[in-house]
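Written out below as structure tokens is the structure these notes cover.
The values are calculated or read from the model by the stated rules, or taken from the named source; none is laboratory data. Keep in mind that this is a model prediction, so the values were computed, not measured. A quick note on method: Cβ atoms are made from the backbone with ideal geometry, for glycine too, and the neighbour counts reach across all protein chains shown.
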Ligand SMILES: Nc1ncnc2c1ncn2[C@@H]1O[C@H](COP(=O)(O)OP(=O)(O)OP(=O)(O)O)[C@@H](O)[C@H]1O
Ligand SMILES: [Mg+2]
């Protein structure tokens with residue numbers, strides 16, 4: 001079982017959008033458990049209509065609550081839609097994760113926010129991947145984030161364009177990848193392939209699920 005946590009240094013960058021899309025794509029190949037760890041504003045179930053197995057109150061600490069649930073279901077992948085910021089809830093949501101996907105925005109503080117959150121995940125030994133969301137809104141800032149990733153030796157797994165269809169899909173309660181075949185979905189599909197490679201073919205775990 002692998003665990004991927006989706007994070008961002010600040011709120012509203014697209015974590016839930018990406019989590020819902022990856023859940024949709026991953027669930028076509030793997031048995032997954034999806035956990036909403038945004039303790040202040042959990043909203044993943046508005047985007048997806050999952051089977052709710054368990055609901056836990058948030059507790060800080062080293063052990064992630066999702067693990068017993070995932071073990072129980074025999075899940076191959078646990079996807080955690082993390083909380084925004086760099087505080088305690090982020091540390092808790094990242095506990096035990098195999099990989100963190102940072103969703104960054106091409107804003108003036110995008111690279112700085114990314115550096116902050118990666119400081120946290122690096123500290124806890126969780127390897128990072130980065131995706132730039134709404135990348136075409138500011139190509140220069142997106143390139144800045146790409147340069148930061150190259151400098152740090154962190155893989156940039158995708159640049160997701162801005163498209164109003166993302167919000168439209170959210171309003172309809174569907175993952176964007178299930179709602180449309182446009183450029184956003186293309187970018188997310190390519191991203192999932194890269195993430196899957198890192199999760200399952202990195203020499204750390206079995207590739208059985210990923211190759212089905
Ligand atoms: N690529 C995109 N193009 C257009 N709109 C987008 C895109 N990605 C996200 N959005 C919109 O931006 C808003 C924030 O997205 P989302 O809820 O996924 O962010 P979040 O990081 O989960 O936020 P929070 O930190 O509050 O949990 C939503 O209205 C969503 O529809
Ligand atoms: Mg969210």
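Taking the criterion of being in contact with a helix residue (DSSP H, G or I) (Cβ under 9 Å, 6 or more places away or on another chain), over 16 Å from residue 167 (Cβ atoms) and more than 7 Å from ligand 1 (Cβ to nearest atom), the residues of segment 8-31 that qualify are 9, 10, 22, 23, 24, 25, 26, 29, 30, 31. Contact map, segment 193-210: first residue within 20 Å of residue 159 (Cβ to Cβ), second residue part of a helix (DSSP H, G or I) and at pLDDT below 50, Cβ cut-off under 7 Å, separation 6 or more or different chains; pairs are 196/210. Residue-level check: of (1) crowded, with 22+ Cβ neighbours inside 10 Å; (2) in contact with a strand residue (DSSP E or B) (Cβ under 6 Å, 6 or more places away or on another chain), residue 156 misses just (1).
Table: residues versus (1) more than 16 Å from residue 17 (Cβ to Cβ); (2) within 16 Å of ligand 2 (Cβ to nearest atom).
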| residue | (1), (2) |
| --- | --- |
| 118 | yes, no |
| 130 | no, no |
| 133 | no, yes |
| 140 | yes, no |
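Taken together, the residues in segment 79-113 that are over 18 Å from residue 155 (Cβ atoms), modelled with pLDDT of 90 or more and surrounded by fewer than 21 Cβ atoms within 10 Å (Cβ to Cβ) amount to 4. Residue 116 fulfils the conditions (1) at pLDDT below 95; (2) outside any loop (DSSP other than H, G, I, E, B); (3) surrounded by 15 or more Cβ atoms within 10 Å (Cβ to Cβ) except for a single criterion, (3).
Any chance segment 32-53 includes a residue that's at pLDDT 85 or above, touching a strand residue (DSSP E or B) at 6+ places or on another chain (Cβ under 8 Å) and more than 19 Å from residue 90 (Cα to Cα)? Yes, segment 32-53 contains a residue that is at pLDDT 85 or above, touching a strand residue (DSSP E or B) at 6+ places or on another chain (Cβ under 8 Å) and more than 19 Å from residue 90 (Cα to Cα). Of all residues in segment 175-198, those satisfying the criterion of being assigned to a loop (DSSP other than H, G, I, E, B), in contact with a helix residue (DSSP H, G or I) (Cβ under 9 Å, 6 or more places away or on another chain) and more than 16 Å from ligand 2 (Cβ to nearest atom) are 180, 182. Return yes or no: is residue 5 within 21 Å of residue 91 (Cα to Cα) and either modelled with pLDDT under 60 or more than 9 Å from ligand 1 (Cβ to nearest atom) (or both)? Judged against the criteria, residue 5 is a match. Residues that are modelled with pLDDT of 75 or more, in contact with a strand residue (DSSP E or B) (Cβ under 6 Å, 6 or more places away or on another chain) and part of a strand (DSSP E or B): does segment 9-23 have at least one? No: segment 9-23 contains no residue that is modelled with pLDDT of 75 or more, in contact with a strand residue (DSSP E or B) (Cβ under 6 Å, 6 or more places away or on another chain) and part of a strand (DSSP E or B).
Does at least one position in segment 165-173 carry a residue that is touching a strand residue (DSSP E or B) at 6+ places or on another chain (Cβ under 7 Å), crowded, with 21+ Cβ neighbours inside 10 Å and modelled with pLDDT of 95 or more? Looking for residues that are touching a strand residue (DSSP E or B) at 6+ places or on another chain (Cβ under 7 Å), crowded, with 21+ Cβ neighbours inside 10 Å and modelled with pLDDT of 95 or more, one finds none in segment 165-173, hence no.
Within segment 140-153, being exposed (fewer than 13 other Cβ atoms within 10 Å of the Cβ) and over 22 Å from residue 5 (Cα atoms) holds for 140, 147, 151.
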